[in-house]
Structure formats: C-alpha cells, structure tokens
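Enquirer: Supplied in structure tokens, the structure appears directly below.
The values are calculated or read from the model by the stated rules, or taken from the named source; none is laboratory data. Every value quoted in this text rests on a predicted model; they were computed, and no experiment measured them. As a convention, Cβ positions derive from the backbone with ideal geometry for all residues, glycine included, and neighbour counts pool all protein chains shown.
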C-alpha cells in the first residue's frame, strides 16, 4: 500500500475518472440528481504535512446535466445565469487531515459571482490511483441562485455536492 508521504507532488484532475455531482430535494419528485460534465483542476499534495496541500477546481456552469433537457436549459438560464456567470470555482484555503484517510478541505466557492467559504469532507479511497470521494451541503440561495419559486416551495434550497475525484501526478 502506498504511504501518504509518497504522494507529495503536483496533480491534475482526471476528468474522465472524476465526477462532480449534486442532489437537490424537490416537491414533485423526491430528489433531482445531476452533474457537471466540463471541469478541470489542479492540486498540490504534501503527504508529510497535508495542511500545506492545496486544490483548485473550475467548473463550466453550462455543462450542467440532469438528464432532462428542458430542466437543464432552465437551470442554465434562470438559476445559474451561465451567460453572465460561465464558471464556478473552488480554491482551497485550508486542508486538515482528520484521521488516516479523511480530510476536511475548506475553501472559497464562487457560484453565480458570489464567493463564500465551504468545507468539503473527503475520504482517500485509493492512494495507488489517488482517488478521493467528498461531500458538502450548501444553501444555493446563499450564492444568489434562485428564481421565482412561489416562496421556494418547489426546489429545495439545500444542495448536496458529491465529488468523486481521480488525480494524475504531473511529471
């Protein structure tokens, strides 16, 4: 098994082996699940001192997919306003190792032109292939992501972000 200290280096996100998804509760169906198909990112990992690690991810907002073309177009236009806000970013500000395989990565999440701090909890799934799974729950309205919703009744405000990240070491 690969030791954490052996992972020190610079990495890029392997978009073919990664998924950035979300789950939102709704009234009409129990949950809407989706993902973003166009994203990239880089990371600097320090296996000896994970607090010196960092990550940056950029997501193209128009790449949102929920398997419903009409809903996707509505999300792009009325919620994410992708013409004015084409990208979403996450830039870490703090990395904390909480146990042997778990990490809390805090950073600045920019959505819809607004930037707020978010902490994503990650689990190291494989050190040999460098795979992490992470999760965070945010309130989309904190970032101004809303539309006329009859008091917010139809679409839940809490969004669970789901990340399955594979990374490739840069040589």
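Enquirer: Hey, among the residues in the stretch 35-60 that are in contact with a helix residue (DSSP H, G or I) (Cβ under 7 Å, 6 or more places away or on another chain) and not in a strand (DSSP E or B), which one's nearest to residue 159 (Cα to Cα)? Spell out how you get there, then give the answer.
Expert: To start, the set of residues in the stretch 35-60 that are in contact with a helix residue (DSSP H, G or I) (Cβ under 7 Å, 6 or more places away or on another chain) comprises 36-40, 45-48.
If we keep only those that are not in a strand (DSSP E or B) as well, we get 37-38, 46-48.
Numbers: 37: 18, 38: 19, 46: 30, 47: 31, 48: 33 Å.
That would be 37.
Enquirer: The conditions are (1) out of contact with any strand residue (DSSP E or B) (no Cβ under 7 Å at 6 or more places or on another chain); (2) more than 22 Å from residue 108 (Cβ to Cβ); (3) touching a residue at least 60 places away in the same chain (Cβ under 8 Å), and residue 25 fails exactly one of them. Which is it?
Expert: Failed condition: (1).
Rundown of residues vs (1) surrounded by fewer than 16 Cβ atoms within 10 Å (Cβ to Cβ); (2) in contact with a helix residue (DSSP H, G or I) (Cβ under 7 Å, 6 or more places away or on another chain); (3) assigned to a strand (DSSP E or B); (4) modelled with pLDDT of 95 or more, yes/no style:
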{"site": "88", "(1), (2), (3), (4)": "no, yes, yes, yes"}
{"site": "92", "(1), (2), (3), (4)": "no, no, yes, yes"}
{"site": "103", "(1), (2), (3), (4)": "no, yes, yes, yes"}
{"site": "123", "(1), (2), (3), (4)": "yes, no, yes, yes"}
{"site": "128", "(1), (2), (3), (4)": "yes, no, no, no"}
{"site": "150", "(1), (2), (3), (4)": "yes, no, no, no"}
{"site": "153", "(1), (2), (3), (4)": "yes, no, no, no"}
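Enquirer: Between a first residue in the stretch 99-110 that is more than 19 Å from residue 47 (Cα to Cα) and a second residue that is modelled with pLDDT under 95 and surrounded by 15 or more Cβ atoms within 10 Å (Cβ to Cβ), which pairs have beta carbons less than 8 Å apart while being 6 or more apart in sequence or on different chains?
Expert: 109/143
Enquirer: Conditions: (1) modelled with pLDDT under 95; (2) in a helix (DSSP H, G or I). Residue 28 meets all but one. Number of the miss?
Expert: Answer for residue 28: the failing condition is (2).
Enquirer: So, one more: Only residues that are surrounded by 14 or more Cβ atoms within 10 Å (Cβ to Cβ) and assigned to a helix (DSSP H, G or I): list them for the stretch 130-141, please.
Expert: Passing the criteria: only 140.
Enquirer: Please verify whether residue 49 is without any contact (Cβ under 8 Å) to a residue 40 or more places away in the chain and exposed (fewer than 15 other Cβ atoms within 10 Å of the Cβ), treating the condition exactly as stated.
Expert: Here the answer is yes, as residue 49 does meet what is asked.
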